[in-house]
Amino acid sequence: MNKFIFQTTKVIKKFKDDEELKKLHFELKRSIISAFGRSIAIREIDTGSDGSPEIELVNLTNPYYDIEQYGITFVASPKHADVLLVTGSVTHNMVTPLRKAYEAAPSPKWVIALGDDACGNGIFKDSYAVIGSVDKVIPVDIKIPGNPPTPIEIIKGLLELTEKIKKEGY
Amino acid sequence: MSYKNQLKQLFPSIIYNEENDSEEYATVTSKEILEISKILKELQFHLILEFGIENFKNYKGITLVYVFEKTDSKKLLIVQSKVDNDIESIAPIFPTAALYEREIQDGFGIEFKQLCDSRKLFLHEHYPKGFHPLKKSFINAHIKLKDKVLLSEEYIFKKIKGEGVYQIPVGPIHAGIIAPGHFRFNVLGETILNLEIRHFWKHRGVEKYAENKSVEEGILFIESICGDETVANALAYCMAIEKVSNIKIPERAEYLRVLFAEMERIYSLLGDIAGMIIDVAYPSGASQFFNLREEILRCDEKLTGSRFCKGAIIIGGVSKDVHSKTLKELEDYMDYFSSQFTSSFLRILENASVMDRFETTGIINEKLVELLNLTGPLARASGKNKDERVSHPYSKIYTKLMDPNKILNQGDVLARFRIKASTITNSAKIIMKIIKCMPDGTSSANYALKDGCSFSIVESSRGQNILYINIKNKKIDRLKIRTASFCNWCAIEHAVMGNIVPDFPLINKSLNLSYESNDL
């Protein structure tokens, strides 16, 4: 049988065998526990991405990555969120909703800019219809570049954030 | 008598321009466009695209281009009309024109007479008055917005009045990991009386941004329009340019392109299927499909170096050849995929609570399909065989290797669920066949670019994507892209009527339309 083929029961096994991911998950869990106690809640806001970061974020919850079991949840309202995860180069049409979402999130709060668009290197950054990057509208704590970043890169970015919070406090 | 002669008799001023294998061009005066539309409607044409171009073919002003399609004809009829004085809206004849004409009003600042809805479309209320980005006089740059939006300038939604009727505003930011859009429901009890969608929150100015860019650069932002239509849009773009410049791509490149396109169709539709099952609260059933999607994305990474096949398709072929060993691995995997997919799918169909939610929910009437130019799996679930791979075969591989599509008549969520599943199985079969008869040779051709304009149509995972490009001095002069989502979004407003509010997410997911490729 080929490496490409995963038997259903082997799916999780193969995933557990991935040493890098295993280590990342372990560190993430430990980091979240020491920084937040139990878990962090993330509200995702799309302000003009090409849709691929959203696909990768949904993929983070699939059985391969399954980040919910390590203490990360995606929530329905900014009012329930510790972290706002913003994608896209912030279109003019989305500036007000983004500001409102930021104001609605309770303090302490952190912002992640995800993807090249949100970080300021996006392809449409010079267009008349966009602002260019998230940090021109709301303060950003961590940037995760990529077009789009892979699930592993997103997990690394989340780890960077929790480590930062651990170091700097609320 | 052919329709061309028939039209010529009724309207002597009509001029027939050049004609090629896929398009026929005609020029008419702006006064006659409404009357001609009426005749075309009788001749069973339907409108698939309408847009404007400034400074086109020695005319300094704005030229409107109407693209009509006839059900049994492989050729498109392209009607061009100069805007010299008042122009009448053709929305009373072809309802989809209302959206295109609102788009043209925002973009070029021309006004249509008797346009039923003249609210702003992609420029929301904070854009300055008199700002029309698609005009050539505006050079793309960051602009200053209004400081304050007056109450009178705000967007007005339809409101249904009566005892017990109330409104539910949803969005632009939604509860899930999803793009923004505003939905305004008018509800009585739990039943939806009316839904109005307001989009273009993600308007990034793609069409203007493309202007004066080099043709090679263009592919970068075509790929950035929509993540899960990357290959479809890149393919449409390259095909249009290859048609203009008369570039012949190697056979191996054509096979690889179709391979990538079908891989994309599979992962995109797998997401739809998994999402529908999630929305009826059955996550364990959905995870099977999420697993398969992750595996397909990993296959894509092995094939092209990008999980979304970004950068895989270039003008003249594909950027990187695929090693035969990788193709062999993919063949083995697809074998496993097909059996795994079928068993997971059958398990869902056996689940009574899932079927209970799927059946008779969100019905889209067959009559709407041609009226609103609905395409893709959603049209095939409403009794019409709409598939560009069949009706405008842009690659001979499809004519040779594709099995006939499954068609269902019910038009409900269950029908769409089944059609999407059968599309996936069909695509998997195409991939297996492609790998078996993959020809040897080079994977890209050398080319020399020429000026000119052209259309191309492809079938993305959501339906018909049509692209127009005009190249002047080896640079893009005008790029217009209309994805399947632009038309298919209208279907949701009809599909939800009479359903209960909690079924809306399910109906929405069963269509799974793209926000980014609608908003551009």
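The values are calculated or read from the model by the stated rules, or taken from the named source; none is laboratory data. Fair warning: this is a prediction, and the values are worked out from it, not measured in the lab. When we count neighbours, we look across all protein chains shown, and the Cβ atoms used for this are built from the backbone with ideal geometry, even at glycine. Side chains are part of the model used for accessible areas, which takes the heavy atoms of the whole protein and leaves out ligands, DNA and RNA. Shrake-Rupley method; radii C 1.70, N 1.55, O 1.52, S 1.80 Å.
Working ranking of peptides B:175-181, A:60-66, B:269-275, A:42-48 by packing, defined as the average number of other Cβ atoms within 10 Å per residue, highest first, is A:42-48, B:269-275, B:175-181, A:60-66.
To the nearest 0.05, what FRET efficiency results for B:Lys436 and B:Lys4 with a Förster distance of 30 Å applied to their C-beta separation? About 0.10, to the nearest 0.05. Between B:Gly61 and B:Asn55, the built amide H atoms are under 5 Å apart, and every one of these is 5 or more places off in sequence or on another chain.
Buried surface for the A/B pair, taken as the accessible area of each chain alone minus that of the pair with a 1.4 Å probe, is close to 4600 Å² in total.
A 1.4 Å probe run over the protein chains yields, for the protein assembly as shown, 39 Å² of accessible area per residue, whole-number rounding. Gain on full extension, evaluated as 0.36 nm per residue between B:Phe11 and B:Leu43 minus their Cα-Cα distance, stands at 10.0 nm. Applying a length cut-off of 30 Å (Cα extent along the axis) and a mean Kyte-Doolittle floor of -0.5 to the DSSP H helices of chain B leaves B:251-279, B:324-349, B:413-436.
Restricting attention to the range B:376-420, lysine pairs at least eight places apart or on different chains and with alpha-carbon atoms under 17 angstrom apart total 5. In the elastic network of chain A, a GNM with C-alpha springs shorter than 10 Å, the most mobile of A:Ser133, A:Ser89, A:Ser52 is A:Ser52. Over all distinct alpha-carbon pairs, what is the Kirkwood Rh of the protein assembly as shown in angstrom? The answer is 26.1 Å.
Comparing each chain alone with all protein chains together (probe 1.4 Å, DNA, RNA and ligands left out), the residues of the range B:314-335 losing at least 20 Å² of accessible area are B:Glu329, B:Asp332, B:Tyr333.
For B:Ser514, the residues whose modelled amide H falls within less than 5 Å of its own, excluding neighbours fewer than 5 places apart on the same chain, are B:Ser485.
Neighbouring Cβ atoms from other chains, within 10 Å of the Cβ of residues in A:119-130, number 6 on average.
Among the residues of A:92-99, the average count of other protein chain beta-carbon atoms within 10 Å of the residue beta-carbon is 6. Amide H to amide H distances under 5 Å link B:Leu76 with B:Glu23, B:Glu24, where only residues 5 or more positions off or on other chains count and H is placed in the peptide plane.
For A:Thr96, B:Thr96, write out the residues from largest to smallest accessible area, computed with a 1.4 angstrom probe and no ligands counted.
Values: A:Thr96 70, B:Thr96 15 Å².
Reading off the accessible areas and sorting them downward yields A:Thr96, B:Thr96.
Looking only at the range A:21-52, which residues have a backbone nitrogen under 19 Å from a spot 7 Å from the Cα of B:His142 in the C-beta direction? Those under the cut-off are A:47-49. Short-range pairs are left out: with C-alpha atoms under 8 Å and at least six residues apart, the relative contact order of the range B:159-202 is 34 percent.
Extension gain, B:Ser118 to B:Thr399: 0.36 nm times the residue separation minus the Cα-Cα distance gives 96.9 nm.
Among the trypsin sites (Lys or Arg not before Pro) within the range B:135-239, those in coil by DSSP and having at most 13 neighbouring Cβ atoms inside 10 Å are B:Lys144, B:Lys146, B:Lys148, B:Lys158, B:Lys159, B:Lys161. Full extension of the chain between B:Thr71 and B:Glu196 gives 42.1 nm of extra length, using 0.36 nm per residue less the Cα-Cα distance.
Extending 7 Å from the Cα toward the beta-carbon at both B:Asp451 and B:Glu154 defines two label points whose distance is 5.0 nm.
Using C-alpha pairs under 8 Å with a sequence gap of at least 6, the mean separation divided by the residue count of chain B gives a relative contact order of 16 percent. Partner aspartates and glutamates whose Cα lies under 13 Å from the Cα of B:Lys38, excluding those fewer than 8 positions away in the same chain, are identified as B:Glu88. Expressed as a whole percent, the accessible area of the range A:34-162 that falls on carbon and sulfur atoms is 48 (1.4 Å probe). Exposure check, 1.4 Å probe, all protein chains in place: B:Ile173 carries approximately 50 Å² of accessible surface.
As a fraction of the 1.4 Å probe accessible area of chain B, surface on carbon and sulfur atoms comes out at 52 percent.
How about the range B:151-199: which chymotrypsin sites (Phe, Trp or Tyr not before Pro) there are in a DSSP loop, with at most 13 other Cβ atoms within 10 Å of their Cβ? Passing both the DSSP loop test and the Cβ count: B:Tyr155. Computed from backbone phi with θ = phi - 60° and the Karplus coefficients 6.51, -1.76 and 1.60, the 3J(HN,Hα) list for the range B:59-66 is 9, 5, x, 9, 10, 9, 10, 10 Hz; x is used for glycine and proline.
Could I get the Rg over Rh figure for chain B? Both from C-alpha atoms, Rh via Kirkwood, rounded to two places.
0.96
Dimensions of the range B:1-148 from C-alpha coordinates, computed as largest minus smallest value along each principal axis and given longest first, are 60, 32, 28 Å. In this calculation the C-beta distance from B:His132 to B:Ser324 is compared with R0 = 41 Å, giving a FRET efficiency of 0.20. Partners of B:Lys136 within straight-line reach, counting aspartates and glutamates whose Cα lies under 13 Å from its Cα and excluding those fewer than 8 residues away in the same chain: B:Glu54, B:Glu207, B:Glu211, B:Asp477.
Of all aspartates and glutamates in the structure, those lying under 12 Å Cα to Cα from B:Lys41, and not within fewer than 8 positions of it along the same chain, are B:Glu69, B:Glu370. Contact residues in the range B:129-161 by the 50 Å² criterion (accessible area, 1.4 Å probe, full protein complex versus chain alone): B:His142. Here B:Asn55 and B:Ile500 are evaluated by their C-beta separation; at R0 = 51 Å the FRET efficiency comes out at 0.50.
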